[in-house]
Amino acid sequence: VQLQASGGGLVQAGGSLRLSCAASGSTFNLNTMGWHHQAPGKERELVAEISGSGTTTYADSVKGRFIISRDNVKRTAYLQMNSLKPEDTAVYYCSLTSWFTKRDYWGQGTQVTVSS
């Protein structure tokens, strides 16, 4: 399984970004896709995840601002980030959890920086 994340960048507070995570090498539509972030000096935390059936889960800090989605034809998961805050600044990682083995796979991180 390979995951390729993209879409990070520098944005002003209140702005928006959309992250993408393209997956290969797996039965995509059955797996849970997730986005996590890691700020300097902090542990990696779950931001949002979406199951193969489309059930979504969000961290309290992003509820109402971020939307996770998936396109099973394109084998891609997305994280639409709106109303960004400086505290959202972090490296964002996408993940895939195998429906069969429950193993986690990780993509490379993409930096999101929100200026005040």
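With an 8 Å cut-off on Cα pairs and a minimum separation of 6 or more residues, tell me the relative contact order of segment 1-113 in percent.
Contact order relative to length: 36 percent.
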Original post:
Among the lysines, which fall within straight-line cross-link reach of LYS42, defined as a Cα-Cα distance under 23 Å, with same-chain neighbours fewer than 8 residues apart omitted?
Top reply: LYS63, LYS85
Original post:
Quick one: putting +1 on the C-beta of Lys and Arg, -1 on the C-beta of Asp and Glu, what dipole do you get for the chain around its Cα centre, in Debye to the nearest 20?
Top reply: 220 debye
Original post:
THR76: accessible area at probe 1.4 Å, nearest 10 Å²?
Top reply: 10 Å²
Original post:
On the accessible surface of segment 16-102, probed at 1.4 Å, how many percent belong to carbon and sulfur atoms?
Top reply: 51 percent
Original post:
According to a simple spin-label model (label point 7 Å from Cα along Cα-to-Cβ), what is the distance in nm between VAL1 and ILE67?
Top reply: 2.6 nm
Original post:
If you roll a 1.4 Å probe over the heavy atoms of the protein chains, what accessible area per residue do you get for the chain, in Å²?
Top reply: 53 Å²
Original post:
Which GluC sites (Glu not before Pro) in segment 15-76 pass both tests, a DSSP loop state and at most 15 other beta-carbon atoms within 10 Å?
Top reply: GLU43
**OP:** Determine the distance separating the Cα centre of segment 3-27 from the Cα centre of segment 93-116; give it in Å without decimals.
**Re:** 10 Å
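Looking at the chain, which longest stretch skips every one of the trypsin sites (Lys or Arg not before Pro) that is in a DSSP loop with at most 11 other Cβ atoms within 10 Å, leaving the sites themselves out?
Here the longest segment lacking exposed loop sites spans 1-41.
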**OP:** Run the dipole for segment 55-111 about the Cα centre, Lys and Arg Cβ at +1, Asp and Glu Cβ at -1, nothing else charged, and hand back the magnitude in debye, nearest 20.
**Re:** 220 debye
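The values are calculated or read from the model by the stated rules, or taken from the named source; none is laboratory data. Computed from a prediction, not measured in an experiment: that's the story for all the values here. Note: ideal-geometry Cβ built from the backbone for every residue, glycine included; neighbour counts use all protein chains shown. These area figures cover heavy atoms from the full protein model, side chains too; ligands, DNA and RNA do not enter into them. Shrake-Rupley method; radii C 1.70, N 1.55, O 1.52, S 1.80 Å.
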